[in-house]
Structures are given as structure tokens and as C-alpha cells.
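Report on one structure; see the data block that follows.
The values are calculated or read from the model by the stated rules, or taken from the named source; none is laboratory data. The model shown is predicted, which means the values in this text are computed figures rather than measured ones. Positions of Cβ are backbone-derived with ideal geometry, glycine not excepted, and every protein chain shown enters the neighbour counts. Accessible surface is based on the protein model in full, side chains and every heavy atom, while ligands, DNA and RNA are left aside. Shrake-Rupley method; radii C 1.70, N 1.55, O 1.52, S 1.80 Å.
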Amino acid sequence: MKRLLFTIYLLLYLRFAQYDVSGYWLSLVAGHFVEPWPWTMALVATGVLLLVLCLTEKLLAHWHKPVIVAYAIVAWLATAGVGMAFTTVWHQLLLAAGGLVLAWLLMITDKHLRHRSRITPQTFGVNFQFFAVQMLLLCLYVGVGNGVSDLQHYELRTAQALQSKHPKRAYKVGDKSYATSHRLFAMRCYLMATTHKKGLGDEVFSQMVPAGGAASLLLLPTDNYQQLLLPASKLERLLGSRRHANEGTLAYLHRCAWLSAFVGDGKHTAAADYYLCALLLERKLDLFAKEIVYYYPTEVAQSKLPRYFAQALILYQRTRTQPKVFYTDSNIEANYRDYTDMADSIPDRTVRTNMLRYSYGETYWWWYSYGGSHK
């Protein structure tokens, strides 16, 4: 019974909690991204661990050692193997020490189990209690000790969704969490630019922006880890050009936006959206107001800009004594007035930041004043 339940737990754990990590290991072995096969990989890995468990039990029985230690060994293998590529040496050493403690606790509880041929209500209750403790110890060790953080899971699952036939599934990955990173932010921006109807300008600040908030956050990292997730070359193809050596982020995105507008069917391309979003991340409102008229002339005139571009223009108009670009949207203007009224009514900056974030955290205005490292 113990072997069956532990095997089922490992199968479900590998299939639902660690399928993304298993997929990464598959890509790492292949040297390029390989779409994960969740059930296949979970079944194979569970089968290997079950084989190790059976062989270890036989060896321990042959050496007249406690057979229950085999479960601790398999739990350690499952946990250390999953997180090896994402954890430090110190974590692995701590995990090994925890495995020794687990084996000791399993042996203690195993001594208290009453193995009798005749089962009575009393002996059944005692055996069940210690059996439940053993299973709880094994599940806690495997579930808690793997060392793969939620953020790393979000990065893996976002990349795997983007590389699949259903990229929009990536919208649901970590959508309730505040955890973010440069890598995750850049991949989510790629997702928005390629799947959202109104493009990046309508969604970019609806997600958490990493601390620092610079234009470089829009570009995918170029390290080996990223190559196995979502290669930076995919973004380069979307933007229409590779980045030159020592070329600044804004200069690169500006060049891509200009080239795409020159050779494309229209000026508001994905490359143009990336460039305009980069200006917003750098808080360059004056340059943004100048460029938005070039890339979105009709939309500015008809007040049909993507959400965050419209919010940025309203902010530009309200914070400049002599704005050179005018944009009219009564709903956004009323929302901005409510935002400023609320800000003016709260003198303490910390309280004001948190209260405004609760009500206006997904607006460009909040990020412009309080987001990133802005003081």
C-alpha cells in the first residue's frame, strides 16, 4: 500500500507540479527547446524511481538494513533531480542532510508499526497513524525541498506556452502573483505584442514591471538559459532587425520602428509599439508625444489610441504648460482627475502609494509616479 500511494504521489507531483521543469531538462539534453510531454515524462520518471525503489528495498533487505530507508533515498532522488539545474550547491547539501533526517524519522516510525498477522481495531488504528505520518513526511520532503521558486515556474511555463500551439495560455501563468523578473516581463511583452488584438500598447503596464523599469526590460536576455526557453532571435524577427554591437536599447528599438514603418504596410507595427513602450518606461513623455503622432497619426486625431498610449498622452497634456500634442478622451480624463484627487488627499507617501496602487495600479500614471525605482 505504501509503495502504491507513494508512486501515485510521485506521478501526480511530476505531472502537475514539475512538468515544466521536466520539459526544461528535456530541452537541456536536446540542446534546444523541446515541447514538453507532461504525462509521458511523468510516467517515465515515475517508472524509473519505482524501479530504483524496488531494487533498493531488495538490497537493504539483503544487507539486513531497514527497508523503509529506500523511500527516503527515492524521495531524495526525486527532489534533488528536479531542482538540480535551479538550485545552489548549498541547497543540494541541505537537501541531502534533510534526506538523512527523513530516513531517521522513517526508521523511528517504522519501529512503532505493529506488524501482526491478526489485525484488530486497536492495532489497525496504531498502524494507520504511523503510516500516515510516514506518508506525510515523504510528501512534505518532496513537495517543499525541490528548490524551484514560483518565479522560475512562471518563466518556464510562460516560455513553454509561447512555444506551443496555444500561446494565449501564457496569460494565465502567474496572473495573480506580484513576482516578476526581467526575463518574465520580456516574455510577457512578446506575448502581448504577438497575440493581443491592440498590441503591446494596450497591455504592457497591466503586468508587474520589475524594479528599475528601463527600456532594456523589453528585450529578451541572450544567455544560454533563455535560448532553451524562448530564443531572443524570435523577438529580433518580430522587430525586423538584429541589435548591433554596443547599440543602446532606445536606439535599437527606434531603428526597428523606423525600418518597419518604412517597409511595412503601416506605421503602427509591433516594432513601433516596442519603441513607444520603451519611451514610456524611460519616462520620456515629450519624445513620446512627438513620436506617437508619427506612428499613430489617425488614432491620435480620432482618439482611438491603445490604452496606455492614451493614458500617457493625457498625462503629458496635464503636466506640460504648453503641450504640443492634444488628445481627447472624456473617460480617461475623468479617471485621471479621480487619480490626482485621490493622490492629493493622502499626504503620507507610503500610504498614498499603496492606496493608489490598489485602485490605479494598472495605469501608466501610477507607474510613472511610483513604479520601479522612481522617487
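Rounded, prolate or oblate: which fits the stretch 309-375, taking a ≥ b ≥ c as square roots of the Cα gyration tensor eigenvalues, rounded meaning a/c under 1.5, else prolate when a/b beats b/c? Present the calculation step by step, with values, prior to reporting the outcome.
On the way: a/c = 1.91, a/b = 1.69, b/c = 1.13.
Judged from the Cα gyration tensor, the stretch 309-375 comes out prolate (a/c at least 1.5, a/b above b/c).
Checking the a/c ratio against 1.5 first, then a/b against b/c, what shape does the Cα gyration tensor give for the stretch 228-275? Let's see the in-between values first.
Working: a/c = 2.19, a/b = 1.34, b/c = 1.64.
Oblate is the answer for the stretch 228-275, as a/c is 1.5 or above yet b/c matches or exceeds a/b.
Given the -39500 (n - 2.57) contribution per DSSP H run of 4+ residues, what per-residue ellipticity at 222 nm results for the chain, rounded to the nearest 500 deg cm²/dmol?
Helices in the chain give a 222 nm mean residue ellipticity of -21000 deg cm²/dmol.
Rounded, prolate or oblate: which fits the stretch 241-316 when a ≥ b ≥ c are the square roots of the eigenvalues of the alpha-carbon gyration tensor, with rounded for a/c under 1.5 and prolate only if a/b beats b/c?
oblate
For a paramagnetic label modelled at 7 Å from the Cα of Tyr358 toward its Cβ, which residues of the stretch 177-213 fall within the zone defined by backbone nitrogen distances under 20 Å?
Once the point is set 7 Å along Cα→Cβ of Tyr358, 177-179, 208 turn out to lie under 20 Å by backbone N, inside the stretch 177-213.
Filter the cross-link list Lys168/Lys284; Lys197/Lys324; Lys197/Lys304; Lys65/Lys111; Lys176/Lys197; Lys168/Lys198 down to pairs whose alpha-carbon distance in this structure exceeds 19 Å. Write down the numbers at each step before the final one.
On the way: Lys168/Lys284 31 Å; Lys197/Lys324 29 Å; Lys197/Lys304 14 Å; Lys65/Lys111 13 Å; Lys176/Lys197 22 Å; Lys168/Lys198 14 Å.
Pairs exceeding 19 Å: Lys168/Lys284; Lys197/Lys324; Lys176/Lys197.
In degrees from 0 to 90, rounded to the nearest 10, what is the angle of the helix 89-112 Cα long axis to the longest principal axis of the chain?
40 degrees
Working from Cα positions, state the angle (0 to 90°, nearest 10) between the long axis of helix 330-344 and the longest principal axis of the chain.
70 degrees
Between the stretch 81-98 and the stretch 304-366, how many Å separate their Cα centres?
47 Å
Over the chain, average the accessible area per residue using a 1.4 Å probe and give it in Å², no decimals.
The answer is 53 Å² per residue.
What's the longest uninterrupted piece of the chain once you rule out the chymotrypsin sites (Phe, Trp or Tyr not before Pro) that are loop residues per DSSP with at most 12 other Cβ within 10 Å?
Value returned for the longest uninterrupted segment is 179-325.
Looking at the chain, which longest stretch skips every one of the GluC sites (Glu not before Pro) that is in a DSSP loop with at most 16 other Cβ atoms within 10 Å, leaving the sites themselves out?
1-246
Percent of accessible area on the chain owned by carbon and sulfur, 1.4 Å probe?
60 percent
Which values of log₁₀ I(q)/I(0), to two decimal places, follow from the Debye formula for the chain at q = 0.11 Å⁻¹ with a uniform point scatterer at every Cα?
-0.85
Where is the GNM fluctuation largest for the chain (alpha-carbon springs, 10 angstrom cutoff): Ala272, Ala251, Ala170?
Taking springs between Cα atoms under 10 Å, the residue moving most is Ala251.
Compute the acute angle (0 to 90°) between the alpha-carbon long axis of helix 69-83 and the principal axis of greatest extent of the alpha-carbon atoms of the chain; round to the nearest 10°.
10 degrees
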